[in-house]
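Have a look at the structure below before the remarks.
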Amino acid sequence: MLKGEAVVVKHTGSHYMLACLPDMNLFPAVLRGKIRLKGSSATNPVAVGDKVMFESDGTAGPENPAVITRVLPRKNYMIRKSTNLSRQAHVIAANLDKAFIVTTIDFPQVKLPFLDRILVTCEAYNIPAVIVLNKVDLYRETHKEMLEAFHSIYGGAGYRIMEVSALTGEGVDELRDECRGCVSLFSGVSGVGKSSLIKSLDPSLDPRVGEISDAHMQGRHTTTFYEMYSLASGGFIVDTPGLRGFGLMDVSRDEIALYFPEMLKVSENCRFAPCTHTHEPGCAVKEAVEEGVISYERYSSYLGMLDDETKYR
Ligand code: GDP
Ligand code: ZN
């Protein structure tokens, strides 16, 4: 009997494909009995990126899959809710080293409150986010001020920003370096060039294929399965088709500020605790906004999120 540790690379409904990374020789596996994760309402107890223990008689093949005996504790995971009303959730991926949030400044125009929601979600799931500004070839010269403002807002909030162009190849080598040795999530609204970017990282990948099957499966109300792709240059990526695939999280009202790193940093100086950073006297966050240390745009996204939580709860 062979025993070992492997990573779930693919999930096809009836079975899982495992690999002993960085070796990418996939072998099939099934779950032994019912493995349940404590406190999880997920439709999939085992997800791409999960580290598992398996047993096999050494001949693991399509007819003779290995058996997953245990799922090892996750360092983090990203979920997606089935629908807004349903409590059921689908785990997109586990054990992510970082999330690349692909965006543009224009073509299509970026919506900062939406970007902030994604960043808050990454913070809440404990996944370090890197902002990838794609299509810089289109707006670097024409939108100089907006580009500068963007750097000031998000660089100021502590985020790493990479300027890239899937079209010209600018910045793609750096992005490839950032992916090496990591499992990374790629996300972005449609049209920002996420697929083009993934293709430029590794021409053998075609994210469009997954997207078509995603749409197909959505229509049939079945679960979407995510896959981890190996980059020829090293590292693994999990593509989330559009932002529907991104688990925008419901964060409770009093938690939101914890997920704005720049607000969290100064909030210990607020006179009151807890402080909502809205009406309280002696609020260090409001002071920082007035002094321009925290950007007005980020603060106003925060207020918007507070407002939403009040409305929908
Ligand atoms: P996705 O929906 O985010 O996967 O976006 P696609 O990869 O399909 O790209 C959307 C459109 O933007 C396509 O017409 C691409 O050719 C174009 N595009 C993608 N990246 C770039 C870029 O860096 N510069 C320019 N000029 N166009 C790009
Ligand atoms: Zn405060």
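No lab work stands behind these numbers, since they all come straight from the coordinates. Fair warning: this is a prediction, and the values are worked out from it, not measured in the lab. Heads up, the Cβs are rebuilt from the backbone with ideal geometry, glycines too, and the neighbour counts pull from every protein chain shown.
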Open item on the list: Based on this model, can you work out whether Ser190 counts as over 12 Å from Asn134 (Cβ atoms) and within 8 Å of ligand 1 (Cβ to nearest atom)?
Closed with: yes
Task: Any pair with Cβ under 7 angstrom, 6 or more apart, that starts in segment 17-34 at a residue that is without any contact (Cβ under 8 Å) to a residue 24 or more places away in the chain and ends at one that is small (Gly, Ala, Ser) and surrounded by fewer than 16 Cβ atoms within 10 Å (Cβ to Cβ) - done: Cys20/Gly4
